[in-house]
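Just below is one structure, and these are the notes that go with it.
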Amino acid sequence: MMVDRPDEQGIHQWLDADQFPEHLKKYWFQRHKIWQKYHEGVWMTEDAWFGVTPEPIANKIATHIAESAPKDKTIIIDAFAGVGGNAIAFARSGRWDQVFAVEKDPKTMKCAKHNAEIYDVAKKIVFHTGDCFDIIKRFMGKNNIVIFGSPPWGGTEYNADNVFDLSLMQPYNLDALYKKFSKLSKHIVLYLPRNSDLNQIARYAPESKKVEVAHYCIFGASKALCVYFGDFDFEGEAEEQEGDVTASLEGPLVKR
């Protein structure tokens, strides 16, 4: 069990309910759903609770990408790594020659590195602190890359409408993300709000190509969806149940 304590303001290791901020209290009761090894000393920022992918869903997404991506894709870049949930899952899958985790905020990145140590995969991840769009330019010319992006959604406002307008995502909307990422790779996976406008997503399907959409639920509660741009090959049932996670294929979508 790791006992390292954070030594920087804004980075927390909450191991007791009495320490936990009142406005985040609901996450205290979900902590082991979000991190199976939370009790071993996971580090978090307050904002990270709103954005981290729960571990069972991160693992299911990692499996989906590993199994469906073309075999010649050997590098995966987590463009908005946060405190490391998805990057850790990618590293644990064993599918990739290299896993890159990019995070703009230094404190959040410090958490990601520490959490990767807890899960014993820190040596399998290359961490880059900085703007993802600047850093991915270093990979130009490579054709073996998958880009995974779990961008900020702009706070909790995405829950206000039945269908979320992806042009309103802040600070990067769907158009900005797709245009910038597609300059590097056509194999892009975006983790988006569960109520995202599928018609907007379909507009980005390349001519004569399909875009797969998978919807992820945990304990029966819908959490998010992933959009798979590129030659991802999904086989099997339209709905998969694994433990507490249900993954439903909503696609394929085609350009209208």
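Summary table below
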{"quantity": "Residue match in the stretch 199-211 (condition: crowded, with 17+ Cβ neighbours inside 10 Å, part of a strand (DSSP E or B), touching a strand residue (DSSP E or B) at 6+ places or on another chain (Cβ under 9 Å) and not aliphatic (A, V, I, L, M))", "calculated": "no"}
{"quantity": "Residue check, Ala101 at pLDDT 95 or above and closer than 23 Å to Pro193 by Cβ", "calculated": "yes"}
{"quantity": "Selection from the stretch 188-210 of residues that are within 21 Å of Met169 (Cβ to Cβ) and at pLDDT below 90", "calculated": "Ala205"}
{"quantity": "One residue from Asp175, Asp131, Asp120, Asp165 being closer than 13 Å to Phe80 by Cβ and surrounded by fewer than 16 Cβ atoms within 10 Å (Cβ to Cβ)", "calculated": "Asp131"}
{"quantity": "Spans of strands (runs of 3 or more DSSP E) in the stretch 18-137 with at least 2 residues free of Cβ contacts under 8 Å to residues at least 60 places away in the same chain and closer than 27 Å to His215 by Cβ", "calculated": "98-103"}
{"quantity": "Residue in the stretch 24-36 that is nearest to Val245 (Cα to Cα), counting only those that are within 18 Å of the chain's Cα centre (by Cα) and of a type in the set (D, E, K, R)", "calculated": "Lys33"}
{"quantity": "Evaluation of Leu177 against (1) of a type in the set (A, V, I, L, M); (2) in a strand (DSSP E or B); (3) at pLDDT 95 or above (one fails), failing number", "calculated": "(2)"}
{"quantity": "Top-ranked residue in the stretch 138-153 [being part of a loop (DSSP other than H, G, I, E, B) and hydrophobic (A, V, I, L, M, F, W, C); ranked as surrounded by the fewest Cβ atoms within 10 Å (Cβ to Cβ)]", "calculated": "Met140"}
{"quantity": "Total residues in the stretch 120-166, condition of a type in the set (S, T, N, Q) and either closer than 17 Å to Ala62 by Cα or at pLDDT 95 or above (or both)", "calculated": "3"}
{"quantity": "Gly230 at pLDDT 75 or above, touching a strand residue (DSSP E or B) at 6+ places or on another chain (Cβ under 7 Å), open to solvent by 20 Å² or more (accessible area, probe 1.4 Å) and at positive phi", "calculated": "yes"}
{"quantity": "Meets criteria (buried (at least 21 other Cβ atoms within 10 Å of the Cβ) and either within 20 Å of Gly130 (Cα to Cα) or not aliphatic (A, V, I, L, M) (or both)) for Pro54", "calculated": "yes"}
{"quantity": "Index of the failed condition, Leu184 passing every other in (1) touching a helix residue (DSSP H, G or I) at 6+ places or on another chain (Cβ under 6 Å); (2) in a strand (DSSP E or B)", "calculated": "(2)"}
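Let's see how each residue does on (1) within 14 Å of the chain's Cα centre (by Cα); (2) of a type outside the set (Gly, Ala, Ser):
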position	(1), (2)
Val42	no, yes
Thr63	yes, yes
Thr74	no, yes
Gly94	no, no
Val99	yes, yes
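The values are calculated or read from the model by the stated rules, or taken from the named source; none is laboratory data. All values reported here derive from a predicted model rather than from experimental measurement. Note that we place each Cβ from the backbone using ideal geometry, even for glycine, and neighbour counts take in every protein chain shown. For the accessible areas, the whole protein counts, side chains as well, though only heavy atoms, and no ligand, DNA or RNA atoms are used. Shrake-Rupley method; radii C 1.70, N 1.55, O 1.52, S 1.80 Å.
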